[in-house]
1. Enumerate the amide H contacts of TYR44 below 5 Å, restricted to partners 5 or more residues apart or on another chain; note that Pro and chain-start residues carry no placed amide H.
2. What are the ³J(HN,Hα) couplings of the stretch 41-53, residue after residue, when phi is run through the Karplus curve with 6.51, -1.76, 1.60 and θ = phi - 60°? Round to Hz, x for glycine and proline.
3. For the stretch 23-28, take each phi angle, set θ = phi - 60°, evaluate the Karplus expression 6.51 cos²θ - 1.76 cosθ + 1.60, and give the result in whole Hz per residue in order, putting x for glycine and proline.
4. Pop out the Kirkwood hydrodynamic radius of the stretch 1-40 from its pairwise C-alpha distances, inverse of mean 1/r, in Å to one decimal.
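FYI, it's all coordinate maths here, none of it is from the lab. Keep in mind it's a predicted model, so treat the numbers as computed, not measured.
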Amino acid sequence: MMMTDPERVEALLDMVDPARAAAPSRGPELAVLGLAVAKAKGGYMPTNAGWVLIGNRGRAFQPN
């Protein structure tokens with residue numbers, strides 16, 4: 001079953017927020033959609049498209 005947009009946003013936030021528990025099974029699905037890319041040391045990180053998706057109405061997400 002395909003993830004909905006809110007589920008994609010939650011999965012991307014799980015990747016970038018250390019306080020959240022990441023779901024490892026979501027990384028490959030996000031990678032197929034072009035929203036994440038595999039990191040050399042394991043795991044996934046958002047692509048530019050992923051950052052835009054988790055941004056506020058198209059404004060780029062600003063991590064602290």
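1. Counting only residues 5 or more places away or on other chains, the set is LYS39.
2. Here the 3J(HN,Hα) series is 9, x, x, 9, 9, x, 8, 4, 5, x, 5, 5, 4 Hz.
3. Once θ is set to phi - 60°, the couplings for the stretch 23-28 become 9, x, 6, 7, x, x Hz.
4. Result for the stretch 1-40 stands at 10.3 Å.
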